[in-house]
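Working notes for the structure below.
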Amino acid sequence: GAGVSQTPSNKVTEKGKYVELRCDPISGHTALYWYRQSLGQGPEFLIYFQGTGAADDSGLPNDRFFAVRPEGSVSTLKIQRTERGDSAVYLCASSLTVGESYEQYFGPGTRLTVT
Amino acid sequence: ILNVEQSPQSLHVQEGDSTNFTCSFPSSNFYALHWYRWETAKSPEALFVMTLNGDEKKKGRISATLNTKEGYSYLYIKGSQPEDSATYLCASPSGGSASKIIFGSGTRLSIRP
């Protein structure tokens with residue numbers, strides 16, 4: 001079956017611009033997670049959703065970052081006034097539901113480069 | 001231990017040799033320990049989710065053990081093959097939330113033919 005998909009796969013933008021990154025989870029998965037991965041580091045938690053609501057957004061670095069999941073399926077991570085430090089691979093994952101023992105299924109990531 | 005830590009950072013192993021590496025995690029308020037394999041240009045793939053102290057899981061030539069009291073897990077690969085080359089990540093829920101997953105920095109494994 002279809003896995004988690006993310007678009008675009010690569011995004012190059014200029015400092016100060018606005019970007020949107022999209023995640024399409026596995027059908028039927030109610031939990032959705034966003035991570036950011038910088039070179040040489042493991043994925044860094046940003047936010048997770050259970051259904052339509054953001055259950056924990058404590059990992060968002062500042063108020064330039066925002067994520068939505070209006071219908072409980074597709075999610076969009078929005079970054080305003082991008083900075084060079086935002087350059088990273090943004091990973092999305094979904095799981096059947098929220099819970100520590102559920103495997104997360106990852107998408108291929110979006111590589112964001114801010115010039 | 002406040003964070004999820006992995007060692008070594010990188011490892012080079014001869015094809016056919018066995019190897020292992022370590023994940024350390026906060027032992028208080030333990031929920032679960034996840035292992036993932038991340039091959040270059042692919043998505044991270046779940047290997048194991050472990051929840052019970054003393055648990056041991058196996059998938060082919062790869063196995064993992066868990067000690068929740070002292071806060072560590074070992075991943076073992078028996079008879080390494082070139083296709084085992086990848087970054088191995090461990091992760092554990094942290095910060096009092098069962099679903100806020102904190103990842104280690106990974107162990108980058110390279111298998112020499």
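Below, the figures for the structure above:
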| read-out | value |
| --- | --- |
| Estimated FRET transfer efficiency when R0 is 30 angstrom, pair residue B:17-residue A:10 (beta carbons, to 0.05) | 0.25 |
| Chain lengthening between residue B:57 and residue B:28 when straightened (0.36 nm per residue, less Cα-Cα) | 8.2 nm |
| Anchor residue B:57: aspartates and glutamates whose Cα lies under 15 Å away (excluding residues fewer than 8 positions away in-chain) | A:103 |
| Alpha carbon Rg of the range B:1-109, scaled by the compact-globule rule 2.2 N^0.38 Å | 1.01 |
| GluC sites (Glu not before Pro) restricted to DSSP loop in the range B:1-64 with at most 10 other C-beta within 10 Å | none |
| Highest-fluctuation residue, A:101, A:58, A:38 considered, GNM on chain A with Cα pairs under 10 Å | A:101 |
| GluC sites (Glu not before Pro) within the range A:9-115: DSSP coil, no more than 16 neighbouring Cβ in 10 Å | A:14, A:71, A:83, A:103 |
| Phi to ³J(HN,Hα) by Karplus 6.51 cos²θ - 1.76 cosθ + 1.60 over the range A:63-68, Hz, x for Gly, Pro | 6, 7, 9, 8, 9, 9 |
| Span from the the range B:6-48 Cα centroid across to the the range B:57-113 one, whole angstrom | 2 |
| Cα-based radius of gyration of chain A once divided by 2.2 N^0.38 Å, which approximates compact folds | 0.99 |
| Shape of the range B:52-113, Cα gyration tensor, a/c cut at 1.5 | oblate |
| Over 22 Å (Cα to Cα) - which of A:17/A:78; B:78/B:100; B:58/B:78; A:78/B:100; B:58/B:100 fall in this group | B:78/B:100; B:58/B:100 |
| Loop-located chymotrypsin sites (Phe, Trp or Tyr not before Pro) in the range A:1-90 whose Cβ has at most 13 other Cβ within 10 Å (DSSP) | A:18 |
| Computed magnitude of the charge dipole of chain A (debye, nearest 20; Cβ of K, R +1, Cβ of D, E -1) | 480 |
| Chain A, relative contact order in percent, only Cα pairs under 8 angstrom and at least six apart counted | 37 |
| Dipole moment magnitude, nearest 20 debye, the protein assembly as shown about Cα centre, only Lys, Arg, Asp, Glu C-beta charged | 400 |
| The protein assembly as shown pair-distance distribution - Cα-Cα, 5 Å bins, rounded % | 1, 7, 15, 18, 18, 17, 12, 7, 3, 1, 0 |
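Read-outs throughout are calculated quantities, based only on the coordinates presented, and are distinct from any laboratory measurement. Computed from a predicted model, the values in this text were never measured in an experiment. Every residue, glycine among them, receives a Cβ derived from its backbone with ideal geometry; neighbour counts consider all protein chains shown.
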